Amino acid sequence: MKHEIIIAGFGGQGVLSMGKILAYSGLMEGKEVSWMPSYGPEQRGGTANVTVILSDERISSPVLNEFDIVVVLNQPSMDKFESKVKKGGMLIYDSYGIHQPTQRKDIKVFKVDAMDAATEMQNGKAFNMIVLGALLKIEQLVKLENVIEGLKKSLPERHHKLIPMNEAAIQKGMDIVVEV
Amino acid sequence: MAEEIKLMKGNEAIAHAAIRYGCDGYFGYPITPQSEIMETLMALAPWKTTGMVVLQAESEVAAINMVYGGAGCGKTVMTSSSSPGVSLKQEGMSYIAGAELPALIVNVMRGGPGLGTIQPSQADYFQTVKGGGHGDYRVITLAPASVQEMADFVKDGFDLAFKYNNPVMILADGIIGQMMEKVVLPPFQPRKTMEEIKERSPWASVGKPKDRKRNVVTSLELDPAEMERNNIRFQKKYREIEDKEVRFEAINCEDADYLIVAFGSSARICQKTIETAAKEGVKVGLLRPITLWPFPSKAIYELGKKMKGILVMELNAGQMIEDVKLAVECSVPVKHYGRLGGIVPDPDEVWEAMKKELEIKPDLSSSSVTDAGESISKEQLTEVISNLNQMVP
């Protein structure tokens, strides 16, 4: 089984961290993983993306031109990556940042109002974990307990007290994701 | 207990592996996309544990000369940089090669020329394997294609450097440096003691005892006859390295009709390209040079004999292709595909280019193979493949 995923949005939205937690979760599950960031002169407000591959076999190219799952968190990323979803693949977006959703009919499209939910939770930092929850709901990439283990691995110890909050955010994302 | 599997960037793996090898000193100057090497070393603070020195020099030139000095004292020392910074180090590398000193230099390449971009590139192939600095010298060059190899090649690189008293370069690029993958770090080994250094490197400048002459570490020799003898000695060493230290990996080459030759991150991309080719019914093998110098010319020559065509894929305008062409001695068409300045092609793009360049017309209905060129016996091929298995650690 192999999943080729790209997560794209604004710098500062937690795109790279979300990919990192996903990669760590895959590691916890004994999968082969690769995490390939866009590492340009990125900054808060610029665009950022990360390619994450989770596989049962050795991973060949960390650089891909089409993906099983595309997660887009702003309009420039939607414009750039909607055509990169494999036929029959999945696209998830947060409607807060997207004014023109995809027109494609040959893929499954999901919406997660993560920005609204994060605001409701009064925790802007929960945003990317809500999106991760949505991603895990539509495709069981890794088991939830391995995500928690992945969080423990990727967060410095002093932040481990935040894990329950992250878990709640993942749950929130699982609850609110809808197919469009 | 088995070593824990970790997830980290290639750059971070280099830093961890250096400490674990018992490296005495790292001297560097930050530059994207390799700054995590020094950043990780600073965070790990090995001067508190192993006693390793980590120093941010005032410039790349200073850093390579600190390496020159450390190596002259028999220490296990390294530096790292990216393309523009490595250009600055070339003079120092020529001196290190001329003084026959062991040292490890890491180049995490970015797009050039000049300051260029900070995105991945392989445009420093010529600089690395053809000289870079002045004089008839060679740098043993290891090209990692995974985070695991970033870690492993620190040990292999230092081992080779001390075996031949020669500079060794790890030639990576922004992809391998920045990506995170699983890695098993090498075991810790202690730094060499002064006694061990004296035994390993009797030429080292470590203080003169009464019972021997001064050890002089220099690349200067004003007597041309003596300088020619030095050069002849270097060349003899280089031939020995070419004989013994070639490394490569061959993937699906046994019954391939076409071959891709690619190193480092390009080889990773092309691994997927050969999968795509197989889906269209075309058998494509991949030969990945692990040492860029010494270059696996013999293996490419042997494999080339049974191929209908070879594509060399590099993130540059065509550099390694020259060595591939020399290796195959015009026995087979050799074409190039590359993207420049920091743009990375995807696996399908490479396949489309390969079909066009080598006029491959996949025919899924027919499996007949004709016109395969001069044939090579299965035994010969098995021998080539088994040789490489011994070479790959």
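The values are calculated or read from the model by the stated rules, or taken from the named source; none is laboratory data. For clarity, every value in this text was computed on a predicted model and none was experimentally measured. Note that we place each Cβ from the backbone using ideal geometry, even for glycine, and neighbour counts take in every protein chain shown.
Values as computed for the structure displayed
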read-out	value
Total residues in the range A:139-177, condition within 23 Å of A:ALA8 (Cα to Cα) and out of contact with any helix residue (DSSP H, G or I) (no Cβ under 9 Å at 6 or more places or on another chain)	2
Subset of the range B:250-275 that is surrounded by fewer than 20 Cβ atoms within 10 Å (Cβ to Cβ) and within 14 Å of chain A (Cβ to nearest Cβ) - its residue that is farthest from the chain's Cα centre (by Cα)	B:GLU275
Qualifying positions in the range A:140-154 - of a type outside the set (Val, Ile, Thr), without any contact (Cβ under 8 Å) to a residue 40 or more places away in the chain and under 13 Å from A:MET129 (Cα atoms)	A:LEU144
Whichever residue in the range B:276-290 is crowded, with 24+ Cβ neighbours inside 10 Å and among the β-branched types (Val, Ile, Thr) and, among such residues, is nearest to B:ASN316 (Cα to Cα)	B:ILE290
Scope the range B:155-174; condition closer than 17 Å to B:VAL86 by Cβ and either within 11 Å of chain A (Cβ to nearest Cβ) or part of a helix (DSSP H, G or I) (or both); matching residues	B:GLY157, B:ALA161, B:GLY174
Subset of the range B:193-217 (residues that are touching a residue at least 12 places away in the same chain (Cβ under 8 Å) and in a helix (DSSP H, G or I))	B:MET194, B:ILE197, B:LYS198, B:ARG200
Matching option when the condition is surrounded by fewer than 24 Cβ atoms within 10 Å (Cβ to Cβ), at the interface with chain B (Cβ under 10 Å from one of its Cβ atoms) and at positive phi, among A:GLY45, A:GLY30	A:GLY30
Search result, residues across the range A:95-113 that are closer than 19 Å to A:LYS172 by Cα, touching a helix residue (DSSP H, G or I) at 6+ places or on another chain (Cβ under 8 Å) and modelled with pLDDT of 95 or more	A:PHE110, A:VAL112, A:ASP113
Within the range A:51-97, considering residues that are part of a loop (DSSP other than H, G, I, E, B), within 14 Å of chain B (Cβ to nearest Cβ) and among the polar types (S, T, N, Q), the one surrounded by the fewest Cβ atoms within 10 Å (Cβ to Cβ)	A:ASN65
Residue list for the range B:276-302, filter: more than 30 Å from B:ASP136 (Cα to Cα), of a type outside the set (Gly, Ala, Ser) and in contact (Cβ under 8 Å) with a residue 24 or more places away in the chain	B:THR276, B:GLU280, B:VAL282, B:LYS283, B:VAL284, B:LEU286
Sole residue being part of a loop (DSSP other than H, G, I, E, B) and of a type in the set (Asp, Glu), chosen from A:ASP106, A:ASP116	A:ASP106
Which listed residue, of B:GLN189, B:GLN178, is assigned by TED's automatic domain parsing to the domain that holds B:TRP47 and loosely packed, with under 14 Cβ neighbours inside 10 Å	B:GLN189
Unique residue being outside the structural domain of B:GLU275 (by TED's automatic domain parsing) and either in a loop (DSSP other than H, G, I, E, B) or in contact with a Gly (Cβ under 9 Å, 6 or more places away or on another chain) (or both) when the list is B:LEU220, B:LEU259	B:LEU220
Which numbered condition A:GLY12 misses (of (1) surrounded by fewer than 21 Cβ atoms within 10 Å (Cβ to Cβ); (2) touching a residue at least 60 places away in the same chain (Cβ under 8 Å))	(2)
Matching residues in the range A:8-27 - criterion: being within 14 Å of chain B (Cβ to nearest Cβ) and part of a strand (DSSP E or B)	none
